[in-house]
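As structure tokens, the structure follows; a few thoughts come after it.
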Amino acid sequence: MLEGAKGTASNVYVFETGDCGAARLEMQDQIYGASTRQMMLDSGLGAGMRVLDLACGTGIVTHWIATQVGPTGMVVGADINRSQLEFARAHGTQSEGSRPPEFIEVNAYDTGFPSESFDMVHCRLLLCHLQRPLDALREIHRVLKPGGVLVCQDIVISSVFSCPPTKVYQQAIALGHALAKHLGVNYDFGVQLHTAVVEAGFGVPEVCFTQPAQLRGVGKDWWHQCFVELTPGIIRAELATEDEMSTLLGELESLVLDERVLLAQARMPAVSAVK
Ligand SMILES: C[S@@+](CC[C@H](N)C(=O)[O-])C[C@H]1O[C@@H](n2cnc3c(N)ncnc32)[C@H](O)[C@@H]1O
């Protein structure tokens, strides 16, 4: 059993966690999950590996990794929020011939894991929520074995657009940026991933950009759902009033239901970087 270093729950991660945020993370995986899994497989994920899923959230990808590393491998899902870990433990489907993941409470800046203890680290949508993303990348570098691989994806919210263009998406992006600025984080961090990993000590990475687009279907509601969860934080930060948010959410929702409007989700750059 690995020991992690517990952190205090993040006050800059302002989305819902546990049961309340699970549907949004599920939608997110429907949008980006195929590229996540392909990049991990292309980066050598396979039987017998020791893998860390850092900021594992509700454990969707962690449980899948367990099926890939099999009984001779092991996967640890680590997150700062206890409610995410509780959800992850309760909702895994144990598949035959794989070991269940361990879920451990850690802070990404200082995980407490021994140096050089993992063959691969997966990290999706953490760095945009951190005030010091480079420090977390250095910590990932520390816990990877020499030759180990980081597979990391992060978002660029500026890239969201609709076709035909609609003002409401522009307003939502501007609000997202204002909230990120207020929190001291960067919801466009994805564009810096390829340089940040090199700065943290990795070799020049492989890069892949994903930008799915939808006219209909569950995933089309993801952006709207993100703003439903961000609303209390936006109002607390006095970036919009309750009335303004209710108008914005109503407009976002009606575009989700309008099958003539194409929604291009946020671009998600991914890197695969070797230590
Ligand atoms: C958008 S969710 C992504 C979850 C998962 N990686 C996925 O893609 O489904 C971001 C996760 O980062 C976690 N988190 C935020 N700050 C953290 C920190 N300092 N250390 C560890 N986890 C953190 C949150 O609790 C949340 O579960």
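Throughout, read-outs are computed from the coordinates displayed, never taken from laboratory work. Computed from a predicted model, the values in this text were never measured in an experiment. With ideal geometry, Cβ positions are generated from the backbone for all residues, glycine too; neighbour counts draw on all protein chains shown.
Here are the numbers for the structure shown:
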quantity: Cα long-axis angle, helix 167-183 against the chain (0 to 90 degrees, to the nearest 10); calculated: 50 degrees
quantity: Relative packing of peptides 133-145, 57-69 - highest average C-beta neighbours within 10 Å first; calculated: 57-69, 133-145
quantity: Size-normalised alpha-carbon gyration radius of region 18-274, reference 2.2 N^0.38 Å; calculated: 1.01
quantity: Whether region 210-266 is rounded, prolate or oblate, judged on the alpha carbon gyration tensor where a/c under 1.5 counts as rounded; calculated: prolate
quantity: 13 Å Cα-Cα reach of Lys167 towards aspartates and glutamates, excluding residues that sit fewer than 8 places from it in its own chain; calculated: Glu251
quantity: Within a Gaussian network of the chain (alpha carbon springs, distance under 10 Å), most fluctuating of Leu193, Leu45, Leu257; calculated: Leu257
quantity: Cβ-defined net charge surrounding Thr166, 15 Å radius [Lys, Arg +1; Asp, Glu -1]; calculated: -1
quantity: Protection-proxy order for peptides 194-203, 120-129, 222-231, each taking the mean of Cβ atoms within 10 Å per residue, highest first; calculated: 120-129, 222-231, 194-203
